Amino acid sequence: MSKLSIKDLDLQGKRVFVRVDFNVPLSNGGREITSDKRIKASIPTIQYALDHGAGLILASHLGRPKGKPNAEMSLKPIAKRLEELLGRPVRMAPDCVGSEVEAMKPAPSEVLLLENLRFHAEEEQNDEAFSRQLAALCDLYVNDAFGSAHRAHASTVGMVKFVSQGAAGLLMEQELKYLTLATKNPPRPCIAILGGAKVSDKIEVIANLMKIVDRLLIGGAMAYTFLKAQGVSIGKSLVEDDKLDLAGELMAESGDKLVLPVDHVVAAEIVAGAEFKIVDIIPDGMIGLDIGPRTVADYASIVSASKMVVWNGPMGVFEKPPFDRGTVAIAKAVADSGAISVVGGGDSEKAVKSAGVADRISHISTGGGASLEFLSGMELPGVAALNERR
Ligand code: AMP
């Protein structure tokens with residue numbers, strides 16, 4: 001069964017509460033938005049609801065105000081940017097609950113933006129009375145904040161049962177469509193590429209994806225924990241010694257599914273432009289900073305034969321050229337493969353953008369933590385709370 005979508009709702013004349021993710025980076029004491037990417041990502045759902053006759057109540061958290069009002073984490077600058085993007089007025093509420101907010105309830109085609117949900121500690125506590133107050137503002141509930149769906153808060157879980165219908169917004173629906181495809185009956189061969197700094201962050205993802213995918217390609221520093229567990233020398237590369245047994249167990253369970261790098265780009269220090277060498281075995285005193293060209297070629301050929309690719313985490317220290325080459329080459333291989341591709345995690349997104357191939361990736365997830373939990377096989381509370389489509 002799939003979740004109810006905003007497209008299944010009768011929105012005409014209804015007041016719709018849309019939980020959005022407006023947790024944007026701010027500068028200048030909270031006055032300037034440094035990236036409006038998340039605001040733009042919510043526009044299709046907002047526009048859809050307006051086009052179908054709804055009055056909109058938009059709500060989000062921003063930063064970590066720890067349950068108290070904080071002018072540096074106000075959503076006011078977002079109301080202004082949203083007005084520009086929508087080309088219509090957006091009223092800013094002084095709070096997210098209370099009589100002043102109730103008096104501002106929007107009429108059809110009006111947009112009201114609530115103040116930061118986390119100015120109330122009850123939001124993160126998933127408090128029932130607070131959830132009821134939020135729910136009392138609206139007729140229908142839509143969650144478009146995939147990036148917060150792994151949190152059981154009042155605005156993502158608590159309030160949903162007090163509203164007649166709870167549905168996924170267009171962005172949430174898109175996330176669920178691709179991540180569900182990747183984890184349930186994907187087109188085959190289906191492969192995963194996992195990189196980044198630590199095995200420990202992605203143990204559950206590796207264990208779950210191992211049950212699903214045909215090959216699991218490992219890159220980044222996490223490869224060195226696996227290689228060390230095999231008894232291979234890794235020099236001074238980043239390693240998690242307390243995870244060697246676990247890495248050994250995962251490899252034993254995986255048969256030949258788990259694929260490790262066969263060569264490496266090494267340097268004596270982690271510095272952009274450092275002198276580097278390409279080696280099969282990392283010498284003492286050297287640090288592995290990227291996958292080598294033979295590994296790139298092997299991985300690219302596995303990628304090109306696949307029908308679905310899930311990628312999370314860079315193949316090396318891609319922030320410091322020339323140690324970005326492996327990651328960029330893999331990004332290009334994924335884009336060129338024609339496979340359905342799902343990329344998650346902030347760093348992998350940066351990598352596909354810097355490789356200039358973002359527009360050829362089927363889906364770039366907007367939620368790092370949420371997409372990792374989904375790929376771990378966990379049910380996200382913010383998704384579970386929504387009604388099933390019948
Ligand atoms: P994650 O957040 O787990 O996806 O890790 C991303 C970070 O892993 C990036 O900042 C990379 O620089 C880092 N990383 C990737 N490969 C290596 C490596 N071989 N050595 C040290 N750090 C790495």
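Read-outs throughout are calculated quantities, based only on the coordinates presented, and are distinct from any laboratory measurement. This one's a predicted model, so the numbers in the text were calculated from it and none came from an experiment. FYI the Cβ positions are ideal-geometry reconstructions off the backbone, even for glycines, and counts take in every protein chain you see.
Taking the DSSP bridge list for segment 6-171 and keeping only pairs wholly inside it, about 10 percent are antiparallel. When each of the peptides 181-193, 81-93 is scored by the mean number of other C-beta atoms lying within 10 Å of its residues, the order from highest to lowest reads 181-193, 81-93.
Ranked by the mean number of other Cβ atoms within 10 Å of their residues, highest first, the peptides 306-316, 340-350, 96-106, 125-135 come out as 306-316, 340-350, 125-135, 96-106. With Cα atoms defining each centre, segment 5-69 and segment 317-337 are spaced 33 Å apart in the structure.
Annotation: lysines with alpha-carbon distance below 23 angstrom to LYS68 (same-chain offsets under eight excluded): LYS76, LYS80.
Label zone (TYR48, point 7 Å along Cα-to-C-beta; backbone nitrogen cut-off 18 Å) within segment 86-115: 86, 109.
Its Cα centre serving as origin, segment 191-309 has a Cβ charge dipole (Lys and Arg +1, Asp and Glu -1) of approximately 340 debye.
Only beta bridges with both residues in the chain are counted; by DSSP, about 25 percent of them are antiparallel.
Cβ-Cβ distance of GLU388 and ASP245, R₀ of 30 Å, FRET efficiency by 1/(1 + (r/R0)^6): the value works out to about 0.15. Axis angle, to the nearest 10 degrees, between helix 244-254 and the longest C-alpha principal axis of the chain: 90 degrees. Fully extending the segment from ASP359 to GLU100 would add 88.9 nm, taking 0.36 nm per residue of separation and subtracting the current Cα-Cα distance. For segment 6-171, the normalised intensity computed at q = 0.12, 0.20 Å⁻¹ comes to -0.45, -1.41 (log10 of I(q)/I(0), Debye sum over alpha carbons, equal scatterers, no solvent). Based on Cα atoms of the chain, Rg over Rh with Rh as the Kirkwood radius reads 1.03.
Straight-line reach from LYS7: which lysines have a Cα under 16 Å away, not including same-chain ones fewer than 8 places off? Filter leaves LYS177. Between ASP284 and LYS68, the modelled labels are 5.5 nm apart [label points 7 Å from Cα along Cα→Cβ]. Quick check on segment 241-378: of the DSSP beta bridges with both residues there, what percent are antiparallel, nearest 5%? Beta bridges within segment 241-378, antiparallel portion: roughly 55 percent.
Neighbours of VAL342 by Cβ distance under 12 Å: Lys/Arg scored +1, Asp/Glu scored -1, total -1. Can you list the lysines whose alpha carbon sits under 18 Å from that of LYS277, skipping same-chain ones fewer than 8 residues off? Within the straight-line limit of under 18 Å, LYS277 reaches these lysines: LYS236, LYS320. In this rough spin-label picture, where each label sits 7 Å from Cα along the Cβ direction, the ASN185-ASP10 distance is 3.2 nm. Taking every DSSP helix (H) stretch of at least 4 residues in the chain, weighting each as -39,500 (n - 2.57) and dividing the sum by the residue count yields a mean residue ellipticity at 222 nm of -9500 deg cm²/dmol.
Here the label points at ALA272 and SER2, each 7 Å from Cα along the C-beta direction, are separated by 4.3 nm in the simple model.
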